[in-house]
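Chemist: First the structure, which I've put down as structure tokens, then a few questions once you've had a look.
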């Protein structure tokens with residue numbers, strides 16, 4: 001017999017910029033260096049969970065290249081989807097695409113807080 005996964009919400013809101021863990025420092029770090037912040041977040045994930053194998057430097061470089069092309073959401077929404085799947089968070093791919101395309105900095109902060117609270 002298979003049981004249904006329990007669906008939940010993110011540990012903090014999308015626009016909770018100064019929420020813990022991370023607080024205002026995470027917000028500033030992400031604002032001034034989004035590529036490094038994304039890389040740090042991916043580094044907290046397992047190698048089998050995301051593109052770049054959970055490698056901080058690789059993820060940072062890939063994100064920087066795609067950021068310059070305006071396509072960082074293509075990489076980012078995959079990581080966001082994996083976090084949602086791992087923690088049973090309700091949402092969908094369309095929502096992930098819009099959030100990572102329209103406000104990637106807020107998405108990175110929310111995802112980093114989720115990973116930090118869940119470990």
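The values are calculated or read from the model by the stated rules, or taken from the named source; none is laboratory data. Being a predicted model, the structure only gives us computed values, none of them experimental. Backbone-built Cβ (ideal geometry, glycine too); neighbour counts: all protein chains shown.
Chemist: Looking at 58, 78, 53, 88 in this structure, which one is surrounded by 13 or more Cβ atoms within 10 Å (Cβ to Cβ), over 14 Å from the mean Cα position of the chain (by Cα) and farther than 21 Å from residue 29 by Cα?
Modeler: Details: 58 fails: farther than 21 Å from residue 29 by Cα; 78 fails: over 14 Å from the mean Cα position of the chain (by Cα); 88 fails: surrounded by 13 or more Cβ atoms within 10 Å (Cβ to Cβ).
Criteria check complete, one pass: 53.
Chemist: With the requirement that a residue be within 18 Å of residue 96 (Cβ to Cβ) and modelled with pLDDT of 95 or more, what does the stretch 1-37 give you?
Modeler: Matches in the stretch 1-37: 30, 34, 37.
Chemist: Moving to a separate point now. Sort out which residues of the stretch 44-99 are over 18 Å from residue 12 (Cα atoms) and not in a helix (DSSP H, G or I), and write them in order of number.
Modeler: Matches in the stretch 44-99: 45, 46, 47, 48, 49, 50, 55, 70, 71.
Chemist: Looking at the stretch 7-28, can you tell me whether even one residue there is in contact with a helix residue (DSSP H, G or I) (Cβ under 8 Å, 6 or more places away or on another chain), surrounded by 13 or more Cβ atoms within 10 Å (Cβ to Cβ), part of a helix (DSSP H, G or I) and without any contact (Cβ under 8 Å) to a residue 40 or more places away in the chain?
Modeler: No, there is no match, as no residue in the stretch 7-28 is in contact with a helix residue (DSSP H, G or I) (Cβ under 8 Å, 6 or more places away or on another chain), surrounded by 13 or more Cβ atoms within 10 Å (Cβ to Cβ), part of a helix (DSSP H, G or I) and without any contact (Cβ under 8 Å) to a residue 40 or more places away in the chain.
Chemist: Okay, next question. Which of the residues belonging to the stretch 30-42 are surrounded by fewer than 18 Cβ atoms within 10 Å (Cβ to Cβ) and part of a helix (DSSP H, G or I)?
Modeler: Narrowing the stretch 30-42 to residues surrounded by fewer than 18 Cβ atoms within 10 Å (Cβ to Cβ): 31-33, 36.
Hits for the stretch 30-42 are 31, 32, 36.
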